Amino acid sequence: MKIANSPNADRLRAALRCLLCVLGLISRALPASAANPPDAPAVILIQNATIMTVSHGTIEHGAILIKDGKIAEVGQSIKAPKDALVIDAAGQFVIPGIIDCHSHIAAESINEGSISVSSIVNMAEILNPEDIDIYRDLAGGVTSANILHGSANAIGGQTLVIKLRWGQPATKLPFEGAVPGIKFALGENPKRSNFSLPGQPRRYPATRMGVEETIRGAFSEARDYKKAWEDYKKRDSAGEKNLIPPRRDLRLEPLVEVLEGKRYVHSHCYREDEILMLLRVAKEFGFKVRTFQHVLEGYKVADELAAAGAGASTFSDWWAYKVEAYDAIPYNAALMTRRGVVVSINSDDAGEATHLNQEAAKSMKFGGMSHDEALKMVTLNPAMQLGIDKRVGTIDVGKDADLAIYNHDPMSAYAVVQKTLIDGRVYFDRQRDIAERPEREKEKKALSDKLKKSGEKKSEDKKPDATVAIGQKPAEKKPGDKKAEEMKPEDKPKPPQSSSRESAAAALLPGGAL
Amino acid sequence: MGSSLILRCASAVCVTVLLTVFCAAPTLHAQGGEPQYFAIRGARVVPVSGAPMENATIVISRGLFTAIGKDVTIPPEAWVIEGQGLTVYPGLFDSFTDVGMPTAPATGGEGGPRRAQEGARGPEDRPASTPWRSAAEEASLSDKRIETWRSAGFTTVVSAPKGGIFPGQAAVLDLAGERAGDLVVKSPVAIPLGFQTSGGFGGGFPNSIMGVLAYIHQVWLDAEWSTKAQAIYEKNLRSTARPRYDRTEAALADALEDHALILIPANNSVQLRRALELADRWHVNGAIYGGQMAYEVAPEIAAKKLPVLVSLKWPEAEKDADPEDKPSLRTLQFRDRAPSSPAALAKAGVKFALYSGGITTPKDILKAAKKSIEAGLAPDAALRALTLSPAEIFGVADRLGSIENGKIANLVVTDGDLFEEKTKIKLVFVDGHRFEAREPEKPKDPPKGDLSGKWKLSYTTPDGPEESTADLAMEKDGTVSGTITSKRGTASIISGSLSVDRFSFTLNIPLEGAPADVTFTGTFDGTSLKGSISVQGFSMEFNGVKPGGISRAMVSPGGAQ
């Protein structure tokens, strides 16, 4: 903008803002934040863009018309309707919003690590819509994420797919209609042989054999539980009196849903033997494994994966960070794809998630995947794996307007996200973010000074406190420790990023402790 | 009552004094010595249930209000208190605390709760659950905060056992009594929940917030199931297997049957919205405690019609926070705006009350309440949130919370507006018993030595030598609190200090129908007390030693180790 360079820029901008306010063009003075979602314009036209549809090739100088949050038209040139918000994306690249098939953001806790079968817990109940990682992932073009429980348990907690609707309350995050999931984990993490604490009895299982037995045992229980209810209902509907119904068991109910195909299994794994083990157990009990996560040795059993119809969600090029990851190779994604497996590239990490486009692009070098094949691995493929491909994953008429706009080809290392849209709302706008930073800093400083002032006044009449308050959570954890601790069972090394500690601290909700 | 003739006789006064010196008011009450009828005449009365009245009179008879108004006949037996310049409010109500609960947690014993560190393996082990514990049963007069809270104008609290996910049943307690049972007004009134995790890996189930929620879901289902199963079993003893008894289920099933209020912790917006969903899912009669970010979600809370207890411990920066660790804008906004939550709740039409929430110096509770007034809450709404509203929320508005005929005579009498900083609390009435409130004397100089501990006090009365015990607690600045117990009863120190080696502590007890100060002054040489007891101009010598102090001094000199 030209006015940004003039010495009177601030005043001009303020005046302009006032004018727009008066005209009713800006309905909300507040910037989008953890507590305020952005506006939802009824009609948006993105024009002059290079559109990578994923489903039907690339359209140069194309346009996308968005109506009520859905893609209404995709084409070469579309005339802007009268009331449309027009985004001129000349020289920019539009792709379907990135979908991260393995994420641990936006949650207040990740792992119920105390038990080997923690299917009783549900990530959906503890979503944290104020986790700053949501916003940071938006800044990396991510629009949907599979929020998984940790991997400390052979059978972990219930999981869900969310849309990164920053500023909306927790109830607005879940991807409507997406099939819920459950986390499984194989190998070192659930057997916990490296995690014993002095004085604590070691948790069962301690071997890979035990992991298999744990899963088998839980599904045997679930099968019995299902039968107990079926028997009860049969006898009850036959008019039998005075029946005591079975006790509802919230630990087994999700497993019954797995048996009934109503809940997807997303299983953490590395080695070929454990992958085959789970496929055998699943076959025995008659359920499907929807995705194998990480699946670093997937290239060794790609045919078995393809035959079982299981998806594979892997890393681009992380390996050798532990013995069971020694056989990982960067060709994994390409090799599995060649054998007919639906492959996605995931992050498992909030920082990694900000450049999943580049992670996917690595398979162009390692394995020779095409540009579009690589792009698919962070858009359509994860959508298929999560069963949300009817709604997202490609740029097609009728799909949700979940889009990421880059300044370069997203498969390039120079690509930076300019805007991220979900349901036709601009949840991330790089220019706007940069423009608002001084304002935020100013507010921060003003508040900081104000609070400091009142704090000084108060400190005079502070008295020593002897008693402990009721309902006060013991201050056993410091802000910032939370995520680090929950990451423990996750065996992935942190990528070299300076912001990891900072982001963990920022993820903590203010006023969380009572 | 002694005759005035005897009163004039100095030695006789001594006898009277010494007979009563170490007796608390309630003890006298039992002896028939304390008045049971009071009248406060010509005061400004703020009944909360109605408009304030100027120059009004209140009559208290045997613990209840019996007359309030301008033209009120004062019964001849009443002790009349002139109310000019005084304002009378209903006794204040701290709507969630653990005042009155013994500091040592009750031992679990056999079948007791599995502590988190013992490693519960799932919901069936009932981690951190003691819903059968009852504040009414555990209430204890030994909690010194009963008096400090009362001195700050709080006559009533909702107290609950502490610790765990289901700590126990809360009760409404009045803050005075001769025996612990006198404290209890109503029990149980609520089942508080604590979203407490076992902390870290290896700590047993649940070690995450989602584990805690899952556990609570399961427990409600179990309680419901056990009620149903037990009923079917009772009807078919010979054809049905006996359901297992589980005291967590039994206690919660009873509570649910009584539509007990389930107190759900929720402070920030995310937690508040989550609490609204939980109350729906659980089908319980819910209330929220915390509530400090209600300024963002008040209308949503109003839509669900959940009452809120707002913690007055407003968020602030940690005192020794890392200066490099800059709080986020959102955190700063929260610290700034939290006190506006009560105003937001009032505006949205939510029923709310205020509670101390971890404030340990009760005088700071009103200061904190004043912050919410400065942030937009009407003063009368603030007063209501500390009196009638909590009484309504906990189902005791039929007997507490306002100055109305027939209600329990809990009052706080001040020399000005309750929320003004310079206002002093003059008198407090609990269940019609009168208590003098006063500012504790501040020590002038730092203390030399520590008075804390048990002391044996010896003195000689005209009837011969006598002993009593003092149980003292001294703070770092030399402020002394505690109790003195003679064979006649126990009285609390209303003001006490140690300044260098000079000590002074005062009891206030009714003497011949009027309150009298009994003051102990003297010097502390590091091991013993020496000084005099004075009351109404008369005094006598006394000595104080620590019981067993000599032997301990012999056993543990510095060189012994």
Revision key, fill the gap. So for the stretch B:256-337, using the alpha carbon gyration tensor with a ≥ b ≥ c as root eigenvalues (a/c under 1.5 gives rounded; past that, a/b versus b/c decides prolate or oblate), I'd call it prolate
Exercise for review: Using amide H atoms built 1.01 Å from N in the peptide plane, name the residues 5+ places from B:F542, or on other chains, whose amide H lies under 5 Å from its own.
Suggested key: B:G531, B:S532, B:I533
Study note, to complete from the structure: Under 5 Å from the placed amide H of B:W79, counting only residues 5+ away or on other chains, we find B:Y37, B:F38, B:A39
Practice item. Starting from the Cα of A:Q76, move 7 Å in the Cα-to-Cβ direction to define the label point; list residues of the stretch A:388-412 whose amide nitrogen is under 19 Å from there. Key: A:397
**Study point:** 3J(HN,Hα) from dihedral phi, the stretch A:402-412, Karplus parametrisation 6.51/-1.76/1.60, rounded to Hz, x for glycine, proline
**Key:** 9, 9, 10, 10, 10, 8, 10, 4, x, 8, 9
Review point. All other residues with a Cβ under 11 Å from the Cβ of B:S534 taken together, and with Lys, Arg as +1 and Asp, Glu as -1, what is their net charge?
Key: -2
Practice item. Determine the sum of side-chain charges near A:E272: Lys and Arg each +1, Asp and Glu each -1, restricted to other residues whose C-beta is under 9 angstrom from that of A:E272. Key: -3
Review point. FRET efficiency for B:S142 and B:D517, Cβ-Cβ distance as r, R0 = 22 Å, nearest 0.05?
Key: 0.35
Practice item. Please give the contour-minus-distance gain from B:D445 to B:D417: 0.36 nm per residue of separation, less the Cα-Cα distance, rounded to one decimal in nm. Key: 6.9 nm
Revision key, fill the gap. Violations at 26 Å Cα threshold for listed pairs B:K426/B:K456; A:K453/B:K371; A:K450/B:K305; A:K445/B:K422; A:K445/B:K305 -> B:K426/B:K456; A:K450/B:K305; A:K445/B:K422; A:K445/B:K305
Revision key, fill the gap. Counting only backbone N atoms under 20 Å from a point 7 Å out along Cα-to-Cβ of B:H259, the residues of the stretch B:367-401 in range are B:389-400
Study note, to complete from the structure: Among residues of the stretch A:108-135, a drop of 20 Å² or more in 1.4 Å probe accessible area, assembly relative to the chain on its own, occurs for A:E108, A:S109, A:N111, A:E112, A:G113, A:S114, A:I115, A:I120, A:V121, A:E125, A:I126, A:E130
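Indicate the gyration tensor shape class of the stretch A:203-339 (rounded, prolate or oblate), computed on the Cα atoms with a ≥ b ≥ c the square roots of the eigenvalues: a/c under 1.5 is rounded; otherwise a/b larger than b/c is prolate and the rest oblate.
Judged from the Cα gyration tensor, the stretch A:203-339 comes out prolate (a/c at least 1.5, a/b above b/c).
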Exercise for review: Report the extension gain between B:V500 and B:R62 in nm, rounded to one decimal, defined as 0.36 nm multiplied by the number of residues separating them, less their alpha carbon distance.
Suggested key: 153.2 nm
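Can you list which of the trypsin sites (Lys or Arg not before Pro) found in the stretch A:384-437 are DSSP loop residues with at most 16 other C-beta atoms within 10 Å?
On the way: sites: A:K390, A:R391, A:K399, A:K419, A:R425, A:R430, A:R432; in loops: A:K390, A:R391, A:K399.
Hits after loop and neighbour filter: A:K390.
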Practice item. Please calculate the 1.4 Å probe accessible area of A:K442, with all protein chains present, and give it to the nearest 10 Å². Key: 150 Å²
Check your understanding: For the stretch B:386-422, which GluC sites (Glu not before Pro) are in a loop by DSSP, counting at most 15 other Cβ atoms within 10 Å?
Key -> B:E420, B:E421
Check your understanding: In whole Hz, what ³J(HN,Hα) sequence does the stretch B:474-483 give by Karplus (6.51, -1.76, 1.60; θ = phi - 60°), x for Gly and Pro?
Key -> 10, 8, 4, 7, x, 5, 10, 10, x, 9
Study note, to complete from the structure: Of all trypsin sites (Lys or Arg not before Pro) in the stretch A:46-123, the ones in DSSP coil with at most 15 other Cβ atoms within 10 Å are A:K79, A:K82
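Need one word for the stretch A:390-431: rounded, prolate or oblate. Basis is the Cα gyration tensor (sqrt eigenvalues a ≥ b ≥ c); a/c below 1.5 gives rounded, then a/b vs b/c decides.
Values: a/c = 3.60, a/b = 1.50, b/c = 2.39.
Since a/c reaches 1.5 but b/c is at least a/b, the shape of the stretch A:390-431 is classed as oblate.
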Point to revise | Cβ-defined net charge surrounding A:N48, 10 Å radius [Lys, Arg +1; Asp, Glu -1] | key: -2
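The values are calculated or read from the model by the stated rules, or taken from the named source; none is laboratory data. Small disclaimer: the values here were computed from a predicted structure and weren't measured. Please note: Cβ atoms are built from the backbone with ideal geometry, for glycine as well, and neighbour counts cover all protein chains shown. For the accessible areas, the whole protein counts, side chains as well, though only heavy atoms, and no ligand, DNA or RNA atoms are used. Shrake-Rupley method; radii C 1.70, N 1.55, O 1.52, S 1.80 Å.
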